[in-house]
Every structure is written in C-alpha cells, then in structure tokens.
Ligand SMILES: [Fe+2]
C-alpha cells in the first residue's frame, strides 16, 4: 500500500509537470524548435552509428514527423505506435543525449528528487525518462485520448494492459468498471510496450530491478487529459467464469 501511495504521488507530480509546461511553453516554442530540429538532425547525420542505429536527433525528427500526422482525419493510432516502436527499436541507447539524461535522473534520485525527467516537450508529443526502484509500482491508470510507447532502456519491469469491457450478465455498480487483461509482459533492455486511446489504454507497471524507461506520449498530457485520467483498484482475483476479467474500483 505504501508503495502504491508513493508511486501514485510521484506519478501525479509527473502529470502536474506535464500540464504546466507543454500547454503553455510548448506553443510558444514549437516553431523555433522545429526549425532547430531540422538543423540539428542534419548536423547529426555524420554521427549516426555504423550499425544502422538511430542517433537521438534523427530519432526525434522521425517521431515528430509521425506525430504530426495525428492532426489528419485518417490518423491510425495502431499504425502510429507500431511505427514509433520500430523507430525506438533502432534508437542508439548509448547516445550521449540519452545517457546524460539518464545519468541526471540518477543524480536527482540520489538527491531525493522525482524519478522522471522530460527530455522533449512538444505540442504533438512528449518524451519522458522514468526510473523505477526495485519493486516500485505504478498502479493501473488510463491515458485519455492518448497513445503511449514505452522503451525499456535498462532493468526489468512487468507490465499489464487492460481494456474496459461490459458483460450482459454482470452488473457493475457506480464507480466500478470491468477490465479485461489485454496483455502481460516483462520488459528488458530494448523491449517495447505500446497502447492507444482505444486498445490497451489502461496499464500498470512493477519493476523487478532498477529500471529506466523512455516514454513517448502522443498527444502529450495537457490540463484536460490530466483531469480526465483515472486510477483503478483491481480485485485480486478475476470474476467467476472469466480468466482475464477483473472488477475494479475507479478512483
Ligand atoms: Fe502510464
């Protein structure tokens, strides 16, 4: 329970930061940052590792290009998360931008500060580094109207994803929701997990080792999406006759 509270507190702070910065500063900085990005990406060409892995700036430019498509009527979220997962699988994890970001995160943790850090905050997406201590967990929560891609940079972490469901023969009381487990995995270095607004949108994470994740949210949290976010307390056992469906209390 203490772990729950601790994790929730930290996650709330993560959301608080995400809504205070991008919604205001993101709009102001988007245009110069796009121009700067193209320049930085061009400058990075000569530094792309020989094994085909993507340099950080090239990776960001490619994600930005894909994330920009969310404004099209025909945006396909499943296709999008697959695409950025492919890009993330090519990301050079030893890129100095990333290793320095993760090192700073470790320093902040030792100073007793929060365990996450935004590396990029744009209008279309946000990229955040997150570090978990052993056995630290984030209990089930949703991401309203958002997609998410998690790349494990180091460590080992269990993930479970859920979808809300309704059953004709099961009446749920107010404030309760049936959740069907849509997937369960243990992520190690270079493994990826994705969710969209309509599939696997609710997830929970529990670290087996000290773990570092690269999270990309598209679109990023804003005030409205943060306010709509819900947390769920799952029953320990599934409902009778359904192996993967759990009753939950919405908090
Ligand atoms: Fe999440």
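From the square roots a ≥ b ≥ c of the eigenvalues of the alpha-carbon gyration tensor of the stretch 119-200, which class results: rounded (a/c under 1.5), prolate (a/b over b/c), or oblate? It is prolate, given that a/c is not under 1.5 and a/b is the larger ratio.
Residues in the stretch 134-159 near a label at residue 208, defined as backbone nitrogen under 20 Å from the 7 Å Cα→Cβ point? So the set is 134-140, 150-159. Oblate is the label for the stretch 140-242, because the ratio a/c of its alpha-carbon gyration tensor axes (a ≥ b ≥ c) is 1.5 or higher and a/b is not greater than b/c. The label-point distance for residue 86 and residue 249, in a model that sets each label 7 Å from Cα toward Cβ, rounds to 4.5 nm. Each peptide in 213-220, 173-180 receives the mean, over its residues, of other Cβ atoms within 10 Å, and ordering these scores from highest gives 213-220, 173-180.
From the alpha carbon centroid of the stretch 141-215 to that of the stretch 78-136 is 18 Å.
Read-outs throughout are calculated quantities, based only on the coordinates presented, and are distinct from any laboratory measurement. All values derive from a computational prediction rather than experimental measurement. Methodologically, a virtual Cβ is constructed for each residue, glycine included, from the backbone with ideal geometry; neighbour enumeration extends over all protein chains shown.
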